[in-house]
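Undergrad: Structure in structure tokens, see below.
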Amino acid sequence: MNYRMMSHPSVWDCLLAARAMDWSEKLARTFQVRDTKLEVFAGGHWRSDKALPEAESQLLDMLLPLIVRAGSLVLGQLGQSLDGRIATESGDSWYINGEIARSHLHRLRALVDAVVVGAGTAAEDQPQLTVRHVAGPDPVPVVLDPRGRVEAVGPLFERKAHQPGVLHLVGSEIELPDPPPGVERLAVPVDAEGRVSPRTIVEILAKRGLHRVLIEGGGVTVSEFVHADCLDHLHLLVAPLIIGSGRPGLALPPIDRLSDARRPPIRSFPLGDELLVDVRLS
């Protein structure tokens with residue numbers, strides 16, 4: 001679909017059009033939002049010749065910095081409670097976040113080339129990793145499964161003809177039955193603890209032309225990317241919920257002094273009665 005040819009393009013249409021552009025040269029681009037001219041500049045700054053509705057202005061502020069950039073993007077996201085939990089002790093996480101936050105997650109999926117989940121999320125949650133709450137292209141689903149414990153069944157592995165195939169990353173010494181149609185299994189190197197380096201994952205995807213990557217979960221996988229300094233941004237979707245126990249979102253190696261803690265710049269945006277915290281890590 002040519003979003004720039006739509007008769008009444010919305011801000012989201014313009015964001016999808018911007019996603020397909022080369023931003024390596026720091027040139028301003030002009031888009032049309034209904035009867036409003038929108039100019040977008042390097043770094044994600046923008047201005048319009050007429051005032052936009054608050055929700056559309058917020059959408060530009062939230063998402064343009066992820067799009068208008070040269071080179072690759074590795075973005076993490078976690079949906080969590082006020083006390084930083086992503087699930088109960090039993091693993092129940094349906095639904096911590098509400099519909100507005102879930103729509104934001106689907107926007108992120110539509111703006112990246114690939115979306116990565118760990119073995120636990122793939123096996124327990126059985127996500128589809130498709131774009132359904134908004135218009136936009138489906139990303140390539142990537143399952144990080146170094147021990148080969150994810151069975152290639154369920155919604156994630158049942159691909160339709162128009163959908164990109166699943167990339168199943170397993171340890172190089174793991175032997176599994178041949179995958180079903182629409183699933184490509186790729187052997188990857190693992191360390192002594194049976195883990196795949198986040199940087200190796202980013203490099204593998206980049207070689208396949210997948211330069212914008214969303215690390216969607218779970219907490220262990222996102223934490224490994226944070227610890228390896230492999231995330232440019234982290235989106236925390238915070239719900240007005242106190243669980244009091246359960247699985248934490250981020251779990252990093254302990255530190256002794258607060259002076260050793262990270263203090264990254266953040267931006268925050270209301271999403272209905274929830275909150276998006278955009279943490280800039282790169």
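Undergrad: Work out how far the C-alpha atoms of the chain reach from end to end along every principal axis, then list the three figures in whole Å, largest first.
TA: Each principal axis gives a Cα extent; for the chain these are 57, 47, 33 Å.
Undergrad: Right, another one. Sort 235-247, 130-142, 211-223, 17-29 by packing, meaning the average of other beta carbons within 10 Å per residue, with the highest value first. Don't skip to the end; give the middle numbers.
TA: On the way: 235-247: 16.8, 130-142: 19.7, 211-223: 23.2, 17-29: 13.5.
The densest-packed peptide leads the list: 211-223, 130-142, 235-247, 17-29.
Undergrad: On the accessible surface of the chain, probed at 1.4 Å, how many percent belong to carbon and sulfur atoms? Walk me through the numbers on the way to the answer.
TA: Values: 7360 of 14410 Å².
Here carbon and sulfur together make up 51 percent of the probe-accessible area.
Undergrad: Test of understanding: what is the full-extension gain from Ser10 to Arg147, defined as 0.36 nm times their sequence separation minus their Cα-Cα distance? Don't skip to the answer; put the middle values down first.
TA: Numbers: separation 137, 0.36 × 137 = 49.32 nm, distance 4.42 nm.
Length gained between Ser10 and Arg147: 44.9 nm.
Undergrad: Determine the gain in length on full extension of the stretch Glu25-Phe269; use 0.36 nm per residue of separation and subtract their C-alpha separation, reporting nm with one decimal. Don't skip to the end; give the middle numbers.
TA: Working: separation 244, 0.36 × 244 = 87.84 nm, distance 2.88 nm.
Result: 85.0 nm gained on full extension.
Undergrad: Let me ask you something else. Tell me the net charge near Thr36. Cut-off is 12 Å between Cβ atoms, Thr36 excluded, with +1 for each Lys or Arg and -1 for each Asp or Glu.
TA: On the way: positive: Arg34, Lys37, Arg47, Lys50; negative: Asp35, Glu39, Asp49, Glu56.
It works out to a net charge of 0.
Undergrad: A further question on this structure: After finding the eigenvalues of the alpha carbon gyration tensor for the stretch 77-116, what semi-axes result from the square roots of 5 times each, listed largest first in whole Å? Show your work: numbers first, answer last.
TA: Working: eigenvalues 93, 27, 15 Å².
For the stretch 77-116, the ellipsoid semi-axes come out as 22, 12, 9 Å.
Undergrad: Turning to a different aspect of this structure: Suppose all protein chains stay in the model; what accessible area per residue would a 1.4 Å probe give for the chain, in Å²? All intermediate terms of the calculation are to be shown ahead of the outcome.
TA: Working: 14410 Å² over 282 residues.
That works out to 51 Å² per residue.
Undergrad: I want to check the label-to-label distance for Gln126 and Asp83. Put each point 7 Å from Cα in the C-beta direction and report it in nm to one decimal.
TA: Spacing of the two 7 Å Cα→Cβ label points: 3.0 nm.
Undergrad: Continuing with this model, one more query. On a 1.4 Å probe surface of the protein chains, which of Ile266, Ile67 comes out largest in accessible area, and what is the full order? Don't jump to the answer; show the numbers that get you there.
TA: Details: Ile266 105, Ile67 0 Å².
From most exposed to least exposed: Ile266, Ile67.
Undergrad: Local charge sum around Asp61 (other residues, Cβ-Cβ under 11 Å, Lys/Arg +1, Asp/Glu -1)?
TA: -2
Undergrad: State, as an integer percentage, the relative contact order of the chain based on alpha-carbon contacts under 8 Å between residues 6 or more apart. Numbers along the way, then the final one.
TA: Values: 533 pairs, mean separation 58.8, N = 282.
Answer for the chain is 21 percent.
Undergrad: Between beta-carbons, use under 14 Å as the cut-off and find the net charge around Arg247, counting Lys and Arg +1, Asp and Glu -1. All intermediate terms of the calculation are to be shown ahead of the outcome.
TA: Values: positive: Arg85; negative: Asp83, Glu89, Asp92, Glu124, Asp125.
Result for the local shell: -4.
Undergrad: Using a simple spin-label model with points 7 Å from Cα along the Cα→Cβ vector, what separation in nm is obtained for Glu203 and Ile100?
TA: 4.3 nm
Undergrad: Another one. Going through the DSSP H helices of the chain, which span 15 Å or more along their own axis at the Cα atoms while scoring at least 1.6 as a mean Kyte-Doolittle hydropathy?
TA: Numbers: long enough: 54-67 (20 Å, 0.77); 99-111 (18 Å, -0.36).
None pass (Cα extent of 15 Å or more, hydropathy at least 1.6).
The values are calculated or read from the model by the stated rules, or taken from the named source; none is laboratory data. The model shown is predicted, which means the values in this text are computed figures rather than measured ones. A quick note on method: Cβ atoms are made from the backbone with ideal geometry, for glycine too, and the neighbour counts reach across all protein chains shown. To get the accessible areas, we keep the full protein, side chains included, count just its heavy atoms, and leave off ligands, DNA and RNA. Shrake-Rupley method; radii C 1.70, N 1.55, O 1.52, S 1.80 Å.
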